[in-house]
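Inspection log for the structure reproduced underneath, given as structure tokens.
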Amino acid sequence: MTQDALSRLLEENDWLMADGATGTTLFNMGLTSGDAPEMWNVEEPDKIRALYKGAVDAGSDIFLTNSFGGTAARLKLHNAQDRVHELNRIAAELGREVADKAGRTVVVAGSMGPTGEIMEPMGPLTFERAVEMFHEQAEGLKAGGADVLWVETISAGDEYRAAARAAELAGMPWCGTMSFDTAGRTMMGLTSAELAALVETLPNPPIGYGANCGVGASDLLRTVLGFVASGSERPIIAKGNAGIPKYVHGHIHYDGTPELMADYAVLARDCGARIIGGCCGTTPDHLVAMRAALETRPRSDAKPTLDEIVARLGAFSSASDGTGDDGAGAVRERRGRRRRD
């Protein structure tokens, strides 16, 4: 079997840079809250090309397709549940077009976000139905030319397993990240150590795994250190938000500067992450600063401490990362700020 593009790049490089925020960039282009971003694959293809090209031009080695909400469950909210294959295929086709013009190897990662439904026994979604929905999405992304599937912002272990099974059925390599946004745990209670263990139980483990979104860059790096402490040698992904969301003049604004995200990128690398990108609020300007810092700042001989992370990026949002193995630096909490829903 031919080696996939992402595995090849990981063999050739100590680190790779992923992209930034899809939603933030599309809202800046005129997407309205409540609209389905995936519809723009058909209605505004030039804007989606610009979204992808912005990441590539800023130095990203990997960018995610505009298909985060591309399952039938999410598209049903827009009466588009019958267009899963089409919308995902076009998301990947536009990405393939941009990547193939880059003049270097750029990985098109087919974004697969959570279904938005709660899995059994707490909710109505069965494992089989979750697999079916993810598989339908995966086949569309595969048909459009995605190099790898990119499962992200997952909170439940069974939903992560379902996405893994879907990737297996589609015959696609994949990566998978969870969002640790509730005192160092996912919304459904998983810790970094539990995800690291879960990954190794899968019959088709991901190329890389890690964390995305969450609360802020500090919290995400504490989670990355948790993955490293678990002893996993699988490539770790860090895709943190650009600071903390604030409501400014009627819209959400992230307070992380390009300089802060440059510090975050270097700290992520030194913590042990191999694939480093941004999530909500991360624009091409942030990515340019991140790339420059990764290329020019020397790697530290020692992993950053929790105190160093706080000093560079700001306080943690909670006293613990949920693993019960926090150092003294973990008690510095961010006061008066509510986590993003």
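In region 79-96, how many are outside any loop (DSSP other than H, G, I, E, B) and surrounded by fewer than 16 Cβ atoms within 10 Å (Cβ to Cβ)?
2
So which residues in region 200-216 are under 23 Å from L6 (Cα atoms) and assigned to a loop (DSSP other than H, G, I, E, B)?
Within region 200-216, L202, P203, N204, P205, P206, I207, G208 meet the criteria.
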Margin query: Within region 250-284, take every residue that is polar (S, T, N, Q) and under 16 Å from the mean Cα position of the chain (by Cα) and give me the one that is surrounded by the fewest Cβ atoms within 10 Å (Cβ to Cβ).
Written below: T283
Notebook entry, point to check: So which of N212, N204 ends up being under 23 Å from N88 (Cβ atoms), open to solvent by less than 20 Å² (accessible area, probe 1.4 Å) and polar (S, T, N, Q)?
Noted result: N212
Check: For the subset of region 155-199 comprising residues that are of a type in the set (S, T, Y) and part of a strand (DSSP E or B), which member is surrounded by the fewest Cβ atoms within 10 Å (Cβ to Cβ)?
Finding: T182
Check: Counting just the residues of region 189-217 that are among the aliphatic types (A, V, I, L, M) and touching a residue at least 60 places away in the same chain (Cβ under 8 Å), which one comes out nearest to S230 (Cα to Cα)?
Finding: A193
Next item on the list: Scan region 237-252 residue by residue and report those that are in a strand (DSSP E or B) and within 18 Å of D181 (Cα to Cα).
Entry: I237, A238, K239, G240, P245, K246, I252
Notebook entry, point to check: Scanning region 6-49 for residues that are at pLDDT 95 or above and among the aromatic types (F, W, Y), which turns out surrounded by the most Cβ atoms within 10 Å (Cβ to Cβ)?
Noted result: W40
Next item on the list: Residue by residue through region 17-59, note down the ones that are in contact (Cβ under 8 Å) with a residue 60 or more places away in the chain, touching a Leu at 6+ places or on another chain (Cβ under 6 Å) and either polar (S, T, N, Q) or not in a loop (DSSP other than H, G, I, E, B) (or both).
Entry: T25
Next item on the list: For region 176-185, indicate whether the set of residues that are modelled with pLDDT of 95 or more, more than 25 Å from A319 (Cβ to Cβ) and in contact with a Phe, Trp or Tyr (Cβ under 8 Å, 6 or more places away or on another chain) is non-empty.
Entry: yes
Check: For the subset of region 285-303 comprising residues that are assigned to a helix (DSSP H, G or I) and of a type in the set (D, E), which member is farthest from the chain's Cα centre (by Cα)?
Finding: E295
Next item on the list: For region 219-236, name all the residues that are surrounded by fewer than 19 Cβ atoms within 10 Å (Cβ to Cβ), among the aliphatic types (A, V, I, L, M) and in contact with a strand residue (DSSP E or B) (Cβ under 9 Å, 6 or more places away or on another chain).
Entry: V228
Notebook entry, point to check: Considering only residues of region 304-318 that are touching a residue at least 40 places away in the same chain (Cβ under 8 Å) and in a loop (DSSP other than H, G, I, E, B), which is nearest to the chain's Cα centre (by Cα)?
Noted result: S317
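Name the single residue that is modelled with the highest pLDDT among those in region 239-249 being open to solvent by less than 20 Å² (accessible area, probe 1.4 Å) and not small (G, A, S).
Going through the qualifying residues, I end up with K239.
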Note to self: I'm checking my understanding of the structure. Among residues of region 120-143 that are of a type in the set (G, A, S) and more than 20 Å from the chain's Cα centre (by Cα), which one is surrounded by the most Cβ atoms within 10 Å (Cβ to Cβ)?
What the structure shows: A143
Next item on the list: Can you tell me which residue within region 99-119, out of those that are open to solvent by less than 20 Å² (accessible area, probe 1.4 Å) and touching a Lys or Arg at 6+ places or on another chain (Cβ under 7 Å), is farthest from G69 (Cα to Cα)?
Entry: V108
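The values are calculated or read from the model by the stated rules, or taken from the named source; none is laboratory data. Source: prediction; values computed, not measured. Note that we place each Cβ from the backbone using ideal geometry, even for glycine, and neighbour counts take in every protein chain shown. Each accessible area value is taken on the protein alone, full model and side chains, heavy atoms only, with ligands, DNA and RNA left out. Shrake-Rupley method; radii C 1.70, N 1.55, O 1.52, S 1.80 Å.
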